[in-house]
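Every number here is computed from the coordinates shown, using simple stated rules; none is lab data. If you're wondering where the values come from, they're calculated on a predicted model, not measured in any experiment. Please note: Cβ atoms are built from the backbone with ideal geometry, for glycine as well, and neighbour counts cover all protein chains shown.
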Amino acid sequence: MNADPAVFARDFDKNCFTFTHGLSGNPLFSTDRLLALARRRARDPDDVYYDAGEIRVDQRWDQTPPCDLPVDELLRRIETAGAWIILRHVQNDPEYAGLVDACMDEIVALSGRDLSQVMKVRDAIIFINSPNRISTYHIDRECSWLYQIQGRKTISIFEPADRDVLPEREIEKFWAVDHNAATYRPQYQSRATVTELLPGHGVHIPVGAPHWVRNGPEVSVSLNINFHYLDAITADVYRANYWLRRLGLNPTPPRVSAFKDAIKRSVYGTVNRTILQPARAARRAIRAMKPPARKT
C-alpha cells in the first residue's frame, strides 16, 4: 500500500482517503481462482452472500431480488447476471491467508498505533460485481480499506458526523435493531466525496460513514480489509438511546456527557443480558428450523 503517512495518521477512521496498491495483477484474483474460492467459501452459508437484479441506491438489502443459482454458476455468468457476490472471511482460506495478513499488517504499521489493544476482529471480503451494478447506500460497523483489483467503480462516501445526512435516530436504529436503517437522501448527494476507483487504487472508509457504489461497464473485483473494534461503548450508548427514544424521551447523543453514557451502558448491559439476548436466541432457533432461502 502506498499512502501519505501524514494523511493516514490524521484521517485513520475519521475521514475517507485514497491510496494505491500492487494487488491488481495478483493471480489469486483470476476468474479460475475466484471460482475455486467461491466453492470453498460456499461450504458455510455464512461465508457467501449474493443477489442479482436491478438495484436502486436507496433500496434496502432485505428487499433485493432473490437468486436461486449456486454461487459458482452465478460467477460464471457475472458478465450479464446483474449480480453482487460477497465472499466473506477470506483470511481463513489457506490460499489467501498470507496475502490478507500482509495487507492487514501493512495497515497497522501505517496507522502508527497499537491496534491490538482495541481490535476485536480482522476480516477480509472479496466483492465481485457485474457491470453497472449498484451497491446500495448503507453504513458499516467496521472501518475498511477497499482495494480495487479489476474493473472500475465509483464510490460516494459521506461524512459520518453529518447529521443532515445521517441523523442520530438512524444511527441508534442501526446499532440496536436494523442494519438497513441508514436512509439515502438525494438532496445531500453533493456533500459526498466521490472517488473513481481504478485497478491499483483504493479508498479508506471510516466506521459509520454512509456510502454507496456504482460499478463501471466491466466486471469489478475488489478486496475489502475490515477492522472490528473491541470497544463497544459508543455502540451501547446508541443502543440505549434507541430504546429511550422508543419510550418518548429525547436522549443525549454519545460523548456529550460521560456520566450519562456510563449510566446508559450499565442499564443497557443489564437489559441486554436478561431480555434482549434470550429473545434473539429464541428467534435464531426458530429461523434454524426453517428451510434455507437460497442454494449455495
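Summary of values
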{"item": "Difference of contour (0.36 nm per residue) and Cα-Cα distance, Arg39 to Ala258", "result": "74.0 nm"}
{"item": "Relative compactness, region 103-256, computed as alpha-carbon Rg over 2.2 N^0.38 Å", "result": "1.12"}
{"item": "Projected label distance in nm at Arg10 and Arg141, using a 7 Å step from Cα toward the beta-carbon", "result": "3.2 nm"}
{"item": "Evaluated at q = 0.29 Å⁻¹: base-10 log I(q)/I(0), Debye formula over Cα of region 233-288", "result": "-1.11"}
{"item": "³J(HN,Hα) computed for each position of region 172-188 - Karplus, 6.51 cos²θ - 1.76 cosθ + 1.60, integer Hz, glycine/proline x", "result": "4, 5, 4, 6, 8, 9, 8, 5, 9, 5, 5, 10, 6, 10, x, 5, 9"}
{"item": "Angle in degrees between helix 31-41 and the longest Cα principal axis of the chain, rounded to the nearest 10", "result": "40 degrees"}
{"item": "The chain - charge dipole about Cα centre, Lys and Arg +1 at Cβ, Asp and Glu -1, debye rounded to 20", "result": "1180 debye"}
{"item": "Dipole of the chain, positive direction: furthest Cα of Ile139, Thr234, Gly202, with charges on the beta-carbon", "result": "Thr234"}
{"item": "Reachable aspartates and glutamates, given that their alpha-carbon falls under 15 Å from the alpha-carbon of Lys260 and they are not under 8 places away in the same chain", "result": "Asp236"}
{"item": "Mean separation of Cα contacts under 8 Å, 6 or more apart, over the residue count of region 1-110: relative contact order %", "result": "26 percent"}
{"item": "Degrees between helix 258-271 axis and first principal axis of the chain (Cα, 0 to 90, nearest 10)", "result": "80 degrees"}
{"item": "Per-residue Cβ neighbour rank within 10 angstrom, fewest leading, Leu197, Leu247", "result": "Leu247, Leu197"}
{"item": "Karplus-derived 3J(HN,Hα), 6.51/-1.76/1.60, for each residue of region 2-18, Hz, glycine and proline x", "result": "10, 8, 5, x, 5, 5, 4, 5, 6, 9, 3, 6, 10, 9, 6, 7, 9"}
{"item": "Cα-Cα separations in region 101-153 greater than 16 Å, expressed as whole percent", "result": "56 percent"}
{"item": "Packing-based exposure ordering (other Cβ within 10 Å, fewest first) of Thr154, Thr136", "result": "Thr154, Thr136"}
{"item": "For region 5-229: relative contact order, % (alpha-carbon pairs under 8 angstrom, 6 or more apart)", "result": "31 percent"}
{"item": "DSSP-assigned coil residues among GluC sites (Glu not before Pro) in region 69-173, each with at most 15 further Cβ atoms within 10 Å", "result": "Glu79"}
{"item": "Estimated dipole of region 233-288 in Debye, rounded to 20 [Cβ of Lys and Arg +1, of Asp and Glu -1, Cα centre]", "result": "220 debye"}
{"item": "Cα lying deepest toward the dipole's positive end in region 233-288, options Tyr268, Ser257, Ala285, charges on Cβ", "result": "Ala285"}
{"item": "Contour minus Cα-Cα distance for Arg113 and Thr193 (0.36 nm per residue)", "result": "26.2 nm"}
{"item": "Pair-distance profile P(r), taking every C-alpha pair of region 5-229, with 5 angstrom steps and integer %", "result": "1, 7, 14, 19, 21, 19, 12, 6, 1, 0"}
{"item": "Values of log10 I(q)/I(0), in the order q = 0.16, 0.29 Å⁻¹, for region 1-49 under a Debye, Cα-only, solvent-free model", "result": "-0.71, -0.99"}
{"item": "Under-5 Å amide H pairs with Ile134, H placed in peptide plane, nonlocal only", "result": "Ile55, Asn215"}
{"item": "Nearest-20 debye value, region 13-151 charge dipole, Cβ charges on Lys, Arg, Asp, Glu", "result": "120 debye"}
{"item": "In degrees, nearest ten, helix 94-111 long axis to first principal axis of the chain (Cα)", "result": "50 degrees"}
{"item": "Cα-based shape type of region 15-147, given that a ≥ b ≥ c are square roots of the gyration tensor eigenvalues and the cut on a/c is 1.5", "result": "prolate"}
